Structures are given as C-alpha cells and as structure tokens.
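Data first, discussion second: the structure below is written as structure tokens.
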Amino acid sequence: MPSMEDALILARAQFGINIGFHILFPAITIALAWYLVAFRIAYQRTRNPEWLATYRLWVKIFALTFTMGVVTGVVMSFQFGTNWPRYMTTVGAIAGPLLAYEVLTAFFLEATFLGVMLFGMNRVPDWVHIASALLVAFGTTVSAFWILALNSWMQTPAGHVFADGQWVAASWMGVIFNPSFPYRFTHMMLASGLTTSFVIAGLSAWRLLRAPSDGGAAKTMRAGLVTAAVLIPIQIFVGDQHGLDTLEHQPAKIAAMEAIWHTERGVPLVLFAIPDEARGRNDYSIELPYGASLILRHRADAQLQGLDAFGKDHPPVAPVFFAFRAMVGVGVLMLVVSWWGTWATRRRRAAPRWMLWMLALFTFAGWVATDAGWIVTEIGRQPWLVTGVLRTADAAGDISPAQLGASLTGYILTYTMMFVAYIVVLTHIAGAGAGDKPAPAGGPGGAAIAKATE
Amino acid sequence: MDLPLIFMVLMGVSVLAYVVLDGYDLGVGMLMPAATGEEQSVMVSSIGPFWDANETWLVLGIGILLTAFPIALAPVLGGLYLPVVAMLVGLMLRGVAFDFRIKAQGWHRELWNWLFWAGSFLASFCQGLMLGRYITGFASGFGYWMFAVLVGASLCGGYVLLGATWLILKTEGDLQRKAIVWARWGLAWVGLGVALVSIATPMVSETVRDKWFDFPRTLGVMVLPAATLAAGFALWVATAAVKRGEARSDWRPFGAAVAIFTLAFAGLAYSLFPYVVIDRLTIWEAAAHPTALRALLVGAAIVLPFIVGYTILSYRIFRGKAKGGLYD
C-alpha cells in the first residue's frame, strides 16, 4: 500500500529532522555547563572581575542554547508517541522507564537550578550559586547518560527477555550497560567538548575580527583551541574503539560505512567512491589496499563480512558511507585547525586575520561532525529500530500522510526560523560592544579563561 | 498493589501541576499585549526563573503516559495529532521568544514580543482544544468540534485568570491594578468553561451521566460544583481586598484560582475514571508490563520528593515582587 510507505517515510523524515536539529543544542550545553562551573569557581577563588564577566556572558549563551534544546526536546518526547506508538507497545517496558528516569533525574534539576544560575546570583549565598551551576552541569550529563543508554540499547540490545507478548527487562544493569553504551557515551561527551571548544574559539575569533585589541577574546580563543587540540586525539582513539565494538555487534553497519559489498579477505579501505546500491558495487573508487582489514582487524589478510552476508537486512549504503566520511573528514580538519591555531598563538602571539576568519568559519564544525556521526549510527541501524528485535516499519502508527506532511511543514518552518534567530543572536552577543572601548572586560570568555590554560 | 491506579494518580498530579504552573506563565504571555513596554519587562521577569521547570511537568506527564499506558498512545495521540503538533509549535515559539526578545531591538523586539504572545495563545488554545476532543472521546461532527473550540477559548480564559492572579501576587502599583481587572475577566471565562464542560460531559457518555445523576450519589458529588462556586466567589472577594490594599492578601486570588483548577480537575477525574479513553479503554487495559511500572515507581518514589523540595526552594529564593530588567 503506497500510502503506508509514504506515512513511514514522512514519520521517519519528521523524527530524523527533529532529532538532528535537537542534538545540536545539547552538543553545546553538556560541555558548556562544565565550563561554566569552572568559570564560576575561578571567580570565587580569585575575585577577578574578568572571570565574572566571562561567566555572565557565557551563561547567557548557555541559557539560549538550553532553551533551544528544551523546546525541541519536548517535541521529541511527544513524537515518540505520535510517530512510533508501536515502539512503546513492543519495547516500551524498557524504553519507557529509561526516558522517564531522564525526566525525573535530569530535566527538573537542570530547569530549576538554571533559574538560580541565571537570576539568583544576588539572592543566594555564593555556595548555593556554585552548587546550582554544579547541579545544572550534573543534570546535563545525567540526561545524556539516560538517553544514550536507551539509544545504545536500541543499537546493541542486552538484558531483555520476551514475556507476555512484549520485550521486558530481565536485568536493568544489562539493559543500561549494554555493549555499545560505554563507547557511545564517551564518544558523545567528547563530541560535546569539541563542539563547545570550537564554538568558544570561533565566537572569540569573530569578536577579534571586530575588536582586534580585545585581549580577553584572544585568550579565550586560545583556551578553546588548546582544549580542542587535546581532546581530538582522544576522540580519534575512542572513535576507533567504538568502531571495533560496532564491528562485533553490528557488522552490517560497518559494511555499509566502508561500502564492503562482498565478504572477503584483505579488504581494501575505500577512501572515496559512489556506492551503487542496485548493482552492489562501488564506482570511481579510490582504495588503499588491505586498509579496511588492517583498521578493523589489525591484520592485512583478515576477513570482513560484506553486505551480501546480511541478505536484505542491511542499511542503505550511500547515506551511511558518505556521512561517515563527512564526520571523519570534518574531524581531521578540526584536528589540523586546532593544532595549527594552537601553534600560531603560542606565547601570546596574535593570530593573523586569515586565521581568525578560518576559526570563525569553523565555529560550528562540531555540529557537522556530530550530526554526521548520528546519521551514520541511526541510518546504519536500519532496517531495525531495535537491532534484531523490532523493525522501524513495524513501529509506525496510523497517522495519515496528509497530517504528517502538514505537521512536517510546520516543524520545518519553525525550526528554520529558530535556527536563523539563534545564529544571529549568538554572533550579535559575541560582537556586542566591540567598538565601544579598546578592551571591554571579558569578551566572549574574557581574559580569565585563558589563565587556566596558560 | 494496584500499579496502574498509582500511575493514573501520578499522571493526574503531573498534568494538574503542569496546568496550574505553566498555566500561569502562559497566561502572563497572553496578557503581554495589554501592558506597556515597561510592564512587559516586569511580567517577563516574574516568570523568568520558573517557566522552564513548569513546562517540565508536561514532559513528565507525557513520559508517564508513554511508559505506564502505552496502549493508550495510538488512540489518544492519534486522535489529538494536529492539536498536539500546533501546541508544540506554540510552546517552541513561546520558549525561544523568551530569550530572543531580550537580545533584540527595534522591530525585531516587537516581532518576538508578538511571537511570545502568539506562542502562548496557540499553546493554551490547543490544550483546551485537546481537552474538548478528549472528553468527547474524539467524536467527529461539527458540533463536537465547536464544543472543543469553546473549551479551547475557555482554557485561554482560565490561564489568563492564573496569569493575572500570579501578577497580583508578584507585582505592585499600576500593573497590579490592571491585573485585578484581567483576573475578573478571566474568572468570567472560567465560569463559562467549567459550566460548558460540566454540561457536555454527561451528555456525551452515559457512564458519566450515571456517576453524576445517580441518586443518592448526586448529593455527595454536588460538593464539587458547590466548592468551585465558593472558590470563584472567594477569588472575587480577594481581588477586592487587594484593591483596597489590605496587607498580606496578595496571594489569595492566586490561591483561589488554583483551587478552582484543582476542583475542576477533580470533577473531570471523577467523570472519566477509570477510563483512559472514555467508554473504550480503562487504565488497567492500557497499562504497561508490571516490570516497567515497578521500575518507574522506584525512581518516582525516590526522586519526586527531591523535585518537590527544590521546586519549593526555587520559589522561596525568588519570592517577593518582581522587578523589570531581570535579564539585562
């Protein structure tokens, strides 16, 4: 029935657009919350007003970003029910409690203490204010913990049994600490750290373009660069471990990521190609001999399963293949930029203007890599919603394509407007007051951040 | 232990907490166009530290529905699909307008102010529309839709009442005097809404009719409408007391408004129980697997007291009259 297929595609498009949009904001707030704790404690210890200015500026950006995350997250909580009602009736006994624990242990905590963080500084003792910042940061991390536990369970389910016509938890520890969870959680936390560091460096560079003498912005930019330069190699290592774990538990995803069509020994690494799904081969491919076998099995002649090993139960190749290359490609560029930038600004050297432009351009590079990574892992799980347990097509509801289309249009219009406004306001905040004085205390980040990294 | 019953109560408490708490800040949002620029800044400050946590009660409510009553998802959210989507768009506009209006200037600020109002209004109206559709069991036909539209309009009035009485509590001077007038208009709308729902619900379902008009039970349940009337009267008297400047009476109109909402909610709960979808699906039929309910109950029992505790703490920290420029 074509209308069922339309409805499925629309439901997927709608949910995909929503989660792809939503994750942009937690990707910043998770790490930025911990940055803010550091700023606030530093002000407490040094009483240097530059720290306070730094805190005040970035808490505004945090609040704005947090709101974007909250409102799109509320939509997501409803879409679990509207778009995938059979997800909840089949595996809801596992997914439901994990989602509810996120609400109970994280959402209220973050929302309530963000109010104290933003508006309560003059109303509460210092220690309560610091504790509030700490609780907000703790909340963002706990939130990531639960939702990534659920997502990882959907990728590599464990700890579940079939009882009374549905899947229920046999061991909650098994469900939560499923095989891919430790890797995915670490990978995402580092992704947030990198995304935030590039936002901090990029917005500071943007300010320096408008106010070259702002010493605070220069030091903040340096802080973001140094943090990114340190985190990227760790991320590459964790990403590799994550990939090996995926090879063990979701070999079809790896085969799609690397566009390996046939099970063979000594598989080359495809650097670039146009995967041809219909014929089951790669066109115009550029390959490194034995590369894939070496990376994935650490042996040149090792055998790797190709897509042919999975019959029809493998994800579409092209989106997974290209998104993986986009993630790795942007990651490598971020490595180059952060190391180069760290070198160029060594011993308080001023970065040349072209480098400032480059950093400004890279402000949201972390977003591209993060979204590309999520596309790899989510489309890479298809045709399953929960690997081996529930197919995506079996989870959809019976909302008509017309209603889904109408709501999709509404969401896209709203998100586009929100996105444009967010970027405009962020760049406006970063550049605000740039022309007033030679060095307004604490541009984005203020002089103070840098002191910690010097 | 009757787990579905426990979760019905928990979900009811979440929804009531949401309606009262987000109700007052949506109400303040709807009242924005009636105030001057300076007053708008005070109004926004009065809800600034709270709105985000208030909205979280909605997420908890839907979280409990997802987790505890998954069988009800398809009929309930399917039946309410478009109003739900419109409500979500409204809540998004309201939420981001909050932050964007502060940073904007000139016509941009006007635009965000307008979107703040429009988002609050859209979300409130759609919630009423959802209630109207839900009560009638998603019955189709022009009359049922008109009924839902009327409930939507009345809920807007109800939120305006909550918002206005909140402003009586949190502001002073001219704005407080204006809020008294708004509160009285809101009260009239609430009266209409409560009456409408009370008349319509028994008409739609025989089950409900029996519950309300089965003598001698009638005598017992008539306490609810009587108490609601009394609360409405008390609210009117309380606004008069605030107007005369009587000390320590600022909180009374808001308290009375909360009482009206709680009583109306109790009446509705009495009518619908034990159905999740009226006359079609009971809470026991819709309930999730006991392993899920037990897991959730443990978490809720441990964490909810903390949530209530720090929510009270937050209201204590931000007690007293709101001042403008909280965000500047």
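The values are calculated or read from the model by the stated rules, or taken from the named source; none is laboratory data. Keep in mind it's a predicted model, so treat the numbers as computed, not measured. Virtual Cβ from ideal backbone geometry, glycine too; neighbours counted across all protein chains shown.
List of remarks:
- Taking segment A:269-283 as the range and being among the small types (Gly, Ala, Ser) and without any contact (Cβ under 8 Å) to a residue 40 or more places away in the chain as the test, the residues that pass are A:ALA278, A:GLY280.
- Just one of the listed residues (A:LEU390, A:LEU385, A:LEU404) is within 14 Å of chain B (Cβ to nearest Cβ) and either under 28 Å from A:ASP240 (Cα atoms) or among the basic types (Lys, Arg) (or both), and it is A:LEU390.
- Residue check, A:PRO49 of a type outside the set (S, T, N, Q) and modelled with pLDDT of 90 or more: no
- Residue pairs whose Cβ atoms lie under 8 Å apart, separated by 6 or more positions or on different chains, with the first residue in segment A:114-137 and within 8 Å of chain B (Cβ to nearest Cβ) and over 15 Å from B:SER45 (Cα atoms) and the second among the polar types (S, T, N, Q) and part of a helix (DSSP H, G or I), are A:VAL124/A:SER132.
- Single unsatisfied condition, B:TRP236 versus (1) part of a helix (DSSP H, G or I); (2) buried (at least 19 other Cβ atoms within 10 Å of the Cβ); (3) away from chain A (no Cβ under 13 Å): (2)
Matching residues to (1) in contact (Cβ under 8 Å) with a residue 24 or more places away in the chain; (2) charged (D, E, K, R); (3) part of a helix (DSSP H, G or I); (4) crowded, with 24+ Cβ neighbours inside 10 Å:
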| site | (1), (2), (3), (4) |
| --- | --- |
| A:ARG207 | yes, yes, yes, yes |
| A:SER213 | yes, no, no, no |
| A:LYS219 | yes, yes, yes, yes |
| A:GLY224 | yes, no, yes, yes |
| A:ALA229 | yes, no, yes, no |
| A:PRO233 | yes, no, yes, no |
| A:GLY239 | yes, no, yes, no |
| A:HIS242 | yes, no, yes, no |
| A:THR246 | yes, no, yes, yes |
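- Of the residues making up segment A:175-197, none is among the β-branched types (Val, Ile, Thr), within 14 Å of chain B (Cβ to nearest Cβ) and not in a helix (DSSP H, G or I).
- Just so you know, in segment A:152-171 the residues that are in contact (Cβ under 8 Å) with a residue 40 or more places away in the chain and assigned to a helix (DSSP H, G or I) include one that is farthest from A:LEU98 (Cα to Cα), and it is A:GLN155.
- Among residues of segment B:83-100 being under 18 Å from the mean Cα position of the chain (by Cα) and more than 8 Å from chain A (Cβ to nearest Cβ), the one that is farthest from B:PRO274 (Cα to Cα) is B:ARG94.
- Yes/no for B:PHE138 being in contact (Cβ under 8 Å) with a residue 60 or more places away in the chain, in a loop (DSSP other than H, G, I, E, B), more than 10 Å from chain A (Cβ to nearest Cβ) and among the aromatic types (Phe, Trp, Tyr): yes
- Being at the interface with chain A (Cβ under 9 Å from one of its Cβ atoms), assigned to a helix (DSSP H, G or I) and either surrounded by fewer than 20 Cβ atoms within 10 Å (Cβ to Cβ) or at pLDDT below 90 (or both) holds for only one residue in B:LEU313, B:LEU297, and it is B:LEU313.
- Flag for B:ILE102 being assigned to a helix (DSSP H, G or I) and farther than 19 Å from A:VAL75 by Cα: yes
- Subset of segment A:341-356 (residues that are closer than 17 Å to A:ILE200 by Cβ and not small (Gly, Ala, Ser)): A:THR342, A:THR345, A:MET355, A:LEU356
- Qualifying residue in segment A:351-361 (condition: out of contact with any helix residue (DSSP H, G or I) (no Cβ under 6 Å at 6 or more places or on another chain) and farther than 20 Å from A:ARG210 by Cα): no
- Residue in segment B:27-39 that is surrounded by fewer than 24 Cβ atoms within 10 Å (Cβ to Cβ), in contact (Cβ under 8 Å) with a residue 24 or more places away in the chain and out of contact with any helix residue (DSSP H, G or I) (no Cβ under 8 Å at 6 or more places or on another chain) present: yes
- Conditions (1) closer than 30 Å to B:GLY48 by Cβ; (2) in contact with a Ser or Thr (Cβ under 8 Å, 6 or more places away or on another chain); (3) buried (at least 21 other Cβ atoms within 10 Å of the Cβ); (4) in contact (Cβ under 8 Å) with a residue 40 or more places away in the chain: number failed by A:VAL142: (3)
- Restricting segment A:75-86 to residues that are within 7 Å of chain B (Cβ to nearest Cβ), within 30 Å of A:ALA163 (Cα to Cα) and not hydroxyl-bearing (Ser, Thr, Tyr) leaves a set whose member that is surrounded by the most Cβ atoms within 10 Å (Cβ to Cβ) is A:PRO85.
- Filter pass, A:THR54 being surrounded by fewer than 21 Cβ atoms within 10 Å (Cβ to Cβ), more than 17 Å from the chain's Cα centre (by Cα), within 25 Å of A:SER132 (Cβ to Cβ) and hydroxyl-bearing (Ser, Thr, Tyr): no
- Candidates B:TRP117, B:TRP107, filtered to the one that is farther than 19 Å from B:ARG280 by Cβ, surrounded by fewer than 21 Cβ atoms within 10 Å (Cβ to Cβ), aromatic (Phe, Trp, Tyr) and in contact (Cβ under 8 Å) with a residue 60 or more places away in the chain: B:TRP117
- Among the numbered conditions (1) more than 27 Å from B:GLY78 (Cα to Cα); (2) at the interface with another protein chain (Cβ under 8 Å from one of its Cβ atoms); (3) surrounded by fewer than 22 Cβ atoms within 10 Å (Cβ to Cβ); (4) not small (Gly, Ala, Ser), the only one that A:THR89 does not meet is (1).
- Restricting the first member to segment A:420-435 and to residues that are away from every other protein chain (no Cβ under 12 Å) and modelled with pLDDT under 75, and the second to residues that are surrounded by fewer than 17 Cβ atoms within 10 Å (Cβ to Cβ) and part of a loop (DSSP other than H, G, I, E, B), no beta-carbon pair is closer than 7 Å while six or more apart or on different chains.
- Within the set A:ALA100, A:ALA106, A:ALA63, the sole residue that is surrounded by fewer than 24 Cβ atoms within 10 Å (Cβ to Cβ), within 7 Å of chain B (Cβ to nearest Cβ) and hydrophobic (A, V, I, L, M, F, W, C) turns out to be A:ALA63.
- For segment B:239-292, the candidate set comprises residues that are touching a Pro at 6+ places or on another chain (Cβ under 7 Å) and assigned to a helix (DSSP H, G or I); within that set, the residue that is surrounded by the fewest Cβ atoms within 10 Å (Cβ to Cβ) is B:TRP284.
- Residue that is nearest to B:GLY299 (Cα to Cα), among those in segment B:65-82 that are at the interface with chain A (Cβ under 7 Å from one of its Cβ atoms) and in contact (Cβ under 8 Å) with a residue 60 or more places away in the chain: B:THR67
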